[in-house]
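The values are calculated or read from the model by the stated rules, or taken from the named source; none is laboratory data. Bear in mind that the values here come from a model prediction, so they are computed numbers and not experimental data. Cβ atoms come from the backbone with ideal geometry, glycine included; neighbour counts cover every protein chain shown.
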Amino acid sequence: MDSLQHKINDKCGIFGIYSDDQDVARWTYFGLFSLQHRGQQSAGISVTDGKTIRTYKENGLVSQVFNENVLSGLHGTSAIAHTRYSAKDANVERACQPIIGETQFGQIAMGYNGDIINESQLYAELEEKGIVLDRYNNTDLFLSLIKLSGADNIVDAISFAMSKIVGGYSCVMLTKDSVIAFKDPVGIRPLCMGTLGKYYCFSSESCAFHTIGAQLVREVMPGEVMIADKDGLHTYQYSLTEKQALCIFEYVYIARPDTTMAGRSIHEARRRMGHQLQAEHPIDGCDVVFGIPDTGTPAAIGLAEASGVRYGEGVIKNRYIFRTFIQPTQEMRDYGVKMKLLPIVETIKGKKICMVEDSIVRGTTIRQVVKLFKEAGAAEVHVRIASPPYTYPCMYGIDTATQDDLVGAHKTVEEIRDYINADSLGYLSLEGLIKAVGIDEHGEKLCHACLSGQYPIAIPKEIMETKLSKKYFDKIYNK
């Protein structure tokens, strides 16, 4: 992903497990650890023993927040967990999840992944009723609506909240005797269900199941509410629309390569992106091809397979340099790329190289990466991108700031090539990306709004005005 400090970030990873006779804190810890790539700013676990919900959460990585002493104090037979990314208020303790709320059903802990489009309207409506929230995350909003519903069963309460909320989200909840999972009616943010023997698990990605020995069963469907309790697994359909729109960037960048999502292997989808890149932008004159770790690597492998150009290892990624609360000096930040990516000179020097990246957002970092390889002696640097130009901001739970920040919205491909000083630049087409993902022929079950501007859930004009550049806003609304 283009940019080490300003990259696309998914907001959260969520996990849940129900059992009736096992201490699940360690299973939960390892499941959450597998979702660390989805957020690195805080981590939390809530457990229940059937009587009381206990929660431990702090800012930091999963391995920094939890240790043996903490886990040994989290006794419970069911649990949910959350790891967070946030574009703002990263170190605010109140933003850590799971969030605990008092409702007509007793205490509920909740972990949330996504974004609510009409949150300002909902906050205002709640404030009119005397309910004032911190606004550090959308989880409090969900819990307040559940309480406000007046429903006498949890399914009706969740359905009421879903009827009020517009956006893309997936959620896990913990009551004193059940684990609940659900996602928005269009299904933008991922959530799946699995089994560990007779127990039930829920996760943003199936890779968390592999870690604890659980088996993936299926995706939680758009608009579906699933409840695991002592009587088994119960499913309820809040709404079933013909429109489905799983985020396409899960396949491009966000999800771990060993995840299966909507029946498609993430690794294989990325490898097919490389095949499509060769069909659209051949690299036959290059000496070696490699990916920028980690998400560029499978596409580079596919590009090498399709082109016959040798696949090599051209760069080593220092995976730990920014996983610290010790802040680098400004001078060190200026060397950010060199701190994180280390070129292998023997692969690069004197060669015509092709480097593969998953996407370009702002263009500033990939420009530095091209410079790094040329300084290492590359004769030519050709760049291939395993997705189309990123031109529109996400409104459904991925941090991309505003359209003014997106280089693809304001420069042509040739202008971007010139800006990053590459010898050639080729983006995968949207049609090629949809074909590589392979869910459906025309991408009708995928959200690709960031690439096409086709938002599957309508965005209010006043929000679009704050997110789109004036040129695009006028094009859409002032024709």
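Here are the numbers for this structure:
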quantity	calculated
Any pair with Cβ under 6 angstrom, 6 or more apart, that starts in the range 124-153 at a residue that is under 14 Å from residue 111 (Cα atoms) and ends at one that is surrounded by 11 or more Cβ atoms within 10 Å (Cβ to Cβ) and basic (Lys, Arg)	136/94
So residue 309, is it among the aliphatic types (A, V, I, L, M), assigned by TED's automatic domain parsing to the domain that holds residue 348 and part of a loop (DSSP other than H, G, I, E, B)	yes
Residues (assigned to a loop (DSSP other than H, G, I, E, B) and of a type in the set (S, T, N, Q)) located in the range 184-222	204, 206
Residues satisfying the stated conditions in the range 96-149, i.e. of a type in the set (Phe, Trp, Tyr) and out of contact with any Pro (no Cβ under 9 Å at 6 or more places or on another chain)	105, 123, 136, 142
Matching entry among 399, 423, 404 (being touching a His at 6+ places or on another chain (Cβ under 7 Å), in contact (Cβ under 8 Å) with a residue 40 or more places away in the chain and not small (Gly, Ala, Ser))	423
Members of the range 97-131 that are surrounded by fewer than 13 Cβ atoms within 10 Å (Cβ to Cβ) and charged (D, E, K, R)	102, 127, 128, 129
Of all residues in the range 231-244 being in a loop (DSSP other than H, G, I, E, B) and at pLDDT below 95, the one that is surrounded by the fewest Cβ atoms within 10 Å (Cβ to Cβ)	242
Of all residues in the range 306-353 being loosely packed, with under 12 Cβ neighbours inside 10 Å and charged (D, E, K, R), the one that is modelled with the highest pLDDT	319
Residue satisfying condition, being more than 19 Å from residue 25 (Cα to Cα), among the charged types (D, E, K, R), assigned by TED's automatic domain parsing to the domain that holds residue 101 and in contact (Cβ under 8 Å) with a residue 40 or more places away in the chain, within set 164, 230, 176	164
Any hit, the range 390-403, residues being at pLDDT below 90, closer than 21 Å to residue 169 by Cβ and of a type in the set (D, E, K, R)	yes
Residue that is surrounded by the fewest Cβ atoms within 10 Å (Cβ to Cβ), among those in the range 27-65 that are of a type in the set (A, V, I, L, M, F, W, C) and outside any strand (DSSP E or B)	30
Only listed residue being crowded, with 21+ Cβ neighbours inside 10 Å and aliphatic (A, V, I, L, M), chosen from 252, 217	252
Elements of type helices (runs of 4 or more DSSP H) in the range 66-154, at least 3 residues being in contact with a Ser or Thr (Cβ under 8 Å, 6 or more places away or on another chain)	139-148
Leading residue by the ranking (farthest from residue 249 (Cα to Cα)) among those in the range 155-183 that are in a strand (DSSP E or B) and β-branched (Val, Ile, Thr)	175
Flag if residue 68 is free of Cβ contacts under 8 Å to residues at least 40 places away in the same chain, assigned by TED's automatic domain parsing to the domain that holds residue 46 and of a type in the set (D, E, K, R)	yes
Of all residues making up the range 406-420, the number that are in a loop (DSSP other than H, G, I, E, B) and either hydrophobic (A, V, I, L, M, F, W, C) or closer than 24 Å to residue 301 by Cα (or both)	1
Filtered residues of the range 431-479 (kept if in contact (Cβ under 8 Å) with a residue 24 or more places away in the chain and hydroxyl-bearing (Ser, Thr, Tyr))	452, 455, 466, 469, 472
Filter result for residue 225 (part of a strand (DSSP E or B) and surrounded by fewer than 20 Cβ atoms within 10 Å (Cβ to Cβ))	no
Identity of the residue in the range 132-143, closer than 17 Å to residue 114 by Cα and of a type outside the set (Val, Ile, Thr), that ends up surrounded by the fewest Cβ atoms within 10 Å (Cβ to Cβ)	135
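Matching residues to (1) surrounded by fewer than 16 Cβ atoms within 10 Å (Cβ to Cβ); (2) part of a loop (DSSP other than H, G, I, E, B); (3) among the charged types (D, E, K, R):
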| residue | (1), (2), (3) |
| --- | --- |
| 404 | yes, no, yes |
| 426 | no, no, no |
| 436 | no, no, no |
| 439 | no, yes, no |
| 455 | no, yes, no |
| 473 | no, no, no |
| 476 | yes, no, no |
